[in-house]
Each structure stands twice: as structure tokens, then as C-alpha cells.
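The structure under discussion appears below in the form of C-alpha cells.
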Amino acid sequence: MNTKMTAFSESEIDKRILKAISDMGFETPMPVQQQVIPFLLKQTRDLVALAHTGTGKTAAFGIPIIQQINTVSKQTQALILAPTRELCLQITDDLTNMAKYIDNLNVVPIYGGANIVTQIRQVAAGAQIVVATPGRMLDMLNREKVNVSAIQWLVLDEADEMLNMGFLDSINEILEEVPEDRRTLLFSATMSPEIASIARKYMNDPVEVTVGVKNASAENVSHEYYLVHARDKYNVLKRIADNEPDIYGIVFCRTRRETQEVASMLINDGYNADSL
């Protein structure tokens with residue numbers, strides 16, 4: 001991939017989108033945007049982009065997708081899969097802001113933990129772009145409440161996190177449902193064997209873009225791990241918190257129930273905690 005833009009105005013971005021991203025405070029494109037936006041606007045090949053969270057990925061794929069959506073049609077033309085409700089809502093907000101000056105373009109989030117009837121109505125009213133978590137998206141497909149026959153863009157955002165959270169089977173089922181001639185964009189912090197397998201199976205001769213060092217951890221972050229029995233995890237967590245009295249951190253759990261249980265135990269033991 002040779003084409004890079006040094007300013008948003010250098011590319012073929014629609015003036016309405018340029019105005020919207022200017023309102024959002026976008027000035028100089030980030031490295032992933034410099035490479036990906038011109039490519040997606042001019043080429044038709046699939047894309048694998050290795051980039052960490054916070055590198056500007058949403059605008060990198062969002063701007064070209066918004067620009068190429070047919071707003072005359074209310075059919076769902078782009079599906080973006082994200083691992084968590086929080087990221088799903090963040091992507092939806094960003095895309096909505098980028099499309100602020102484009103009439104009749106609707107972005108609808110679909111995620112668990114919210115009223116599915118409301119989400120079904122929002123999709124039925126017309127959603128050219130759907131941003132979804134894999135579990136809820138598969139539920140909607142099984143209920144036949146989302147028509148994916150016109151999907152032209154499929155984005156797997158933070159694909160490695162989706163696999164870490166156990167969504168591989170759901171992703172495979174969703175990918176089997178969308179049209180074979182869609183364009184697939186995969187964004188991941190690392191290229192694991194599982195990610196490479198998805199790329200081989202479901203992508204057509206993808207171009208690979210790496211922002212930073214391939215499979216590298218984020219800068220200025222050190223990693224430590226402890227091997228403990230499952231029954232000892234909570235006590236180890238408390239020990240870490242006690243040894244670091246100024247600790248400010250996030251504890252990731254596999255399920256919503258476990259998240260609530262761990263938070264409740266920490267609160268009952270006198271720690272300042274909450275569940276998300």
C-alpha cells in the first residue's frame with residue numbers, strides 16, 4: 001500500500017464528511033488513517049489492519065464506508081462487529097457524528113443487555129449501518145430481524161478481543177450468512193493463528209497494514225501475570241489491591257453475572273469498586 005495522505009483534504013473524502021470531522025476536532029490524520037482511508041476509497045480488496053485501540057481505527061474504516069453508503073436505500077449495507085457494548089456504542093456515536101451532514105443515513109447499535117424489541121424496531125425503520133456485538137447480532141439473525149442480503153461492508157473491529165471473549169463460533173455463523181461478495185475489513189491488535197485462520201477462510205486476498213510493530217504490546221506498558229487456581233483468583237485480586245493502595249484498574253470477567261459478583265464482593269470487603 002503506497003498511497004498515504006498527510007491531510008484529510010488531500011484524499012477524496014466528501015466535503016460533508018470533512019466538515020463533520022472538522023467539527024469533531026480532527027486535524028492531522030493518524031498513521032492508520034493515512035494508509036487505510038485512501039486505500040478503501042480507491043481499491044476494492046479486503047483489508048487486515050494490525051493496530052491497537054486508540055489509533056484512530058473507527059475513522060479509518062468509518063469515513064470510507066459512510067461515503068460509499070447508498071442513502072436512497074434503507075437496506076443494511078454495512079455491518080460492524082465489536083466485542084463489547086461500550087465499543088459498540090462508541091463506534092455508533094463516532095459514525096453518527098461523521099455522518100452529521102449526510103441526510104437519511106442511519107447508524108443503529110445492536111447489543112446485549114438492552115431491549116431487543118426496541119433494537120428490532122430501529123433496524124426495521126431503516127439502518128444502512130449496523131454496529132453489533134456478535135451474540136446479539138446472531139440472535140437477531142436467528143429471529144430473522146436483520147436482513148444482511150445487501151451487506152457490502154463487513155468490519156471485524158478488535159477481532160482478537162472478540163476471540164478472547166469466546167465469540168469465534170458466533171463470528172463464524174455470522175460470516176456464513178453475509179453475501180460472499182461483500183468487502184471484509186479486519187482490525188486487530190495482534191495477528192494470532194485464529195485471526196489468520198479467519199482471514200484465510202473468509203477474506204479475499206486481503207492487503208495487510210501494520211501500524212507500529214506487528215504483535216507488539218502498547219508502548220510504556222509492562223506485563224505481569226500470576227498462575228493461580230480458580231478458587232484463589234479473588235483472594236489474589238485482593239492481595240494485589242492491598243499491595244498497591246493507589247491502584248486504579250479494570251478487572252475483566254467472562255460474563256455479566258461474574259462481573260457483578262466480583263464487584264459486589266469487592267464492595268462488601270471495603271474496596272471502592274463498581275461493575276460495568
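The values are calculated or read from the model by the stated rules, or taken from the named source; none is laboratory data. Everything quoted here is computed from the prediction, not taken from an experiment. All Cβ positions, glycine included, derive from the backbone under ideal geometry; neighbour counts span all protein chains shown. The accessibility values were calculated without ligands, DNA or RNA, using every heavy atom of the protein model including side chains. Shrake-Rupley method; radii C 1.70, N 1.55, O 1.52, S 1.80 Å.
Estimated from the Cβ-Cβ distance and a Förster radius of 45 angstrom, the FRET efficiency linking residue 223 and residue 71 is about 0.50. Taking the accessible area of segment 161-276, probe 1.4 Å, and keeping the other protein chains in place, the carbon and sulfur fraction comes to 47%. Working out 0.36 nm times the residue gap between residue 242 and residue 42, then minus their Cα-Cα distance, what length gain in nm do you get to one decimal? Length difference between fully extended and current span is 66.6 nm. In segment 64-180, Cα pairs under 8 Å separated by at least six residues give a relative contact order of 36 percent. Here the accessible area of segment 1-100 is 45 percent carbon and sulfur, with a 1.4 angstrom probe and all protein chains present. Picking from 204, 243, 142, which is most flexible by a Gaussian network model of the chain using Cα springs under 10 Å? Taking springs between Cα atoms under 10 Å, the residue moving most is 243. For the chain, set up a GNM with springs between Cα atoms under 10 Å and report which of 113, 56, 166 has the largest fluctuation. Highest fluctuation of the listed residues: 113.
Hey, any idea what Rg/Rh is for the chain, computing Rh the Kirkwood way over Cα pairs? For the chain, the value is 0.99. Exposed loop sites here mean trypsin sites (Lys or Arg not before Pro) with a DSSP loop assignment and at most 11 other beta-carbon atoms within 10 Å; the chain contains its longest site-free run at 1-142.
Is segment 1-131 rounded, prolate or oblate when judged by the Cα gyration tensor, a ≥ b ≥ c being the square roots of its eigenvalues, rounded requiring a/c under 1.5 and prolate requiring a/b larger than b/c? Here segment 1-131 falls in the prolate category. Averaging the Cα positions of each part gives two centres, and for segment 38-102 and segment 106-169 these lie 14 Å apart.
The mean accessible area for residues of segment 26-161, using a 1.4 Å probe and ignoring ligands and nucleic acids, is 39 Å² per residue.
Length gained on full extension, residue 124 to residue 4, computed as 0.36 nm times the residue gap minus the Cα-Cα distance: 39.3 nm. Placing +1 on the Cβ of every Lys and Arg and -1 on the Cβ of every Asp and Glu, with no other charges, gives the chain a dipole of roughly 600 debye about its Cα centre.
Each Cα pair under 8 Å and six or more residues apart adds its sequence gap; the mean of these over the residue count of the chain is a relative contact order of 21 percent.
Taking a Cβ cut-off of under 9 Å around residue 49, the surrounding Lys, Arg, Asp and Glu residues balance to a net charge of 0, with basic ones at +1 and acidic ones at -1. Ordering 44, 230, 126 by Cα displacement along the dipole of the chain toward the positive end leaves 126 in first place; charges were set at the Cβ atoms of Lys, Arg (+1) and Asp, Glu (-1). Taking K and R as +1 and D and E as -1, what net charge do the other residues with C-beta under 15 Å from the C-beta of residue 231 add up to? Local charge sum for residue 231: 0. Compared with the direct C-alpha span, the chain from residue 210 to residue 164 gains 14.5 nm at full extension, assuming 0.36 nm per residue.
For segment 8-73, a crude dipole built from +1 on the beta carbon of Lys and Arg and -1 on the beta carbon of Asp and Glu, taken about the Cα centre, is about 100 debye to the nearest 20. Pairs with C-alpha atoms separated by more than 25 Å, drawn from the list 100/201; 74/145; 42/100; 15/57; 4/201, are 100/201; 4/201. Please tell me the relative contact order of segment 125-199 in percent, rounded to the nearest whole number, where contacts are Cα pairs under 8 Å and at least six residues apart. It rounds to 39 percent for segment 125-199.
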